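Here the structure comes first, spelled out in structure tokens, and everything after it is commentary.
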Ligand code: UD1
């Protein structure tokens with residue numbers, strides 16, 4: 001049985017790493033098993049600190065295939081990935097491909113595979129923001145509609161897939177591979193004092209922003225920068241800046257507070273970033289995955305979006321979904337400065353074993369064996 005897992009953009013790497021490890025463990029235990037797991041990197045993200053550093057931090061092997069597609073418009077990026085991935089599939093003839101998350105690489109590769117009659121497994125299926133202006137929402141809906149195996153991280157995903165008419169037999173509630181990575185690296189993190197920022201635990205705020213709805217509109221971005229400047233009057237702000245956001249800040253010459261209160265830096269590697277997240281007083285973000293990681297760690301997360309496809313992080317976890325009102329957002333910050341914060345719980349099956357469950361299900365389906 002030959003399987004190719006696809007990675008493309010930064011949030012994919014930490015989801016595929018535990019899946020790769022689970023396959024390797026299974027192969028080591030059963031050397032009679034005719035199973036090969038390979039990794040294809042589309043190159044959607046290509047900068048050293050958006051890609052390579054994650055392979056190192058997550059102990060992922062060099063990808064077996066690198067498509068080198070880089071950045072372009074959505075249509076071109078999706079099309080380039082499809083053209084290049086089709087060549088790999090025609091050569092390798094895998095039995096199954098695994099795609100994760102909701103980025104353009106996820107949709108492009110699943111669509112290419114299914115048209116060649118190759119089975120598709122989608123990890124992190126069923127999440128819905130119900131906002132079709134998000135490119136990720138389109139990628140999620142389309143990928144789920146053509147996948148053969150849909151692995152769900154939270155129960156809202158089961159409800160969403162049922163409503164869309166996807167047969168129960170294809171759907172498996174397995175937990176969260178991103179949290180598998182977090183759990184396996186928590187004991188191996190550096191100390192906060194090992195990092196070069198001179199920070200004390202719970203005495204700084206970690207910020208990330210990259211959604212087109214926040215950073216591509218100069219007026220909105222300017223309001224967000226004012227908001228971050230305001231936070232920095234109370235606590236130091238650590239702000240690793242996504243390339244899209246950096247370009248937008250520079251193009252619009254937005255004023256950022258003094259370097260001693262806001263540390264702007266290039267995107268960080270996985271281990272450094274989760275160390276900073278673990279010790280932050282709170283996190284301000286518009287990311288999807290960070291809403292989940294903060295919920296697992298019990299760190300308050302102020303999400304600067306109007307919707308979330310991960311409602312469990314609000315219902316059970318430590319996530320505050322703010323909407324557009326930055327005054328309201330600042331009220332929440334003040335509450336946290338004053339020691340009042342949401343106490344969350346860890347969602348069901350976010351136990352570090354999601355990848356193991358996925359691999360077990362796939363191997364049983366394909367090889368008809370049970371371990
Ligand atoms: C992509 C995903 C988004 C995910 C995010 C994580 C889609 C539709 N979006 O958004 O869901 O949350 O990744 O970061 O797939 N760039 C670089 N270097 C890189 C990568 C990108 O400079 O290594 C720049 C390019 O100028 C590019 C821009 O960043 O145009 C945006 O990159 P792109 O991959 O198109 O989307 P993201 O905003 O990163």
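The values are calculated or read from the model by the stated rules, or taken from the named source; none is laboratory data. Remember, predicted model here, so these are calculated numbers, not experimental data. Glycine gets a Cβ as well: all are built from the backbone with ideal geometry, and neighbour counts include every protein chain shown.
List of remarks:
- When the test is whether a residue is at pLDDT 95 or above and surrounded by fewer than 18 Cβ atoms within 10 Å (Cβ to Cβ), residue 286 does not pass it.
- Of residues in the stretch 235-254 being in a loop (DSSP other than H, G, I, E, B) and in contact with a helix residue (DSSP H, G or I) (Cβ under 6 Å, 6 or more places away or on another chain), the one farthest from the ligand (Cβ to nearest atom): 254
- Listed by position, the helices (runs of 4 or more DSSP H) enclosed by the stretch 255-350 that each have at least 1 residues that are within 22 Å of residue 131 (Cα to Cα) and in the same structural domain as residue 227 (by TED's automatic domain parsing) are 289-297, 312-315, 326-337.
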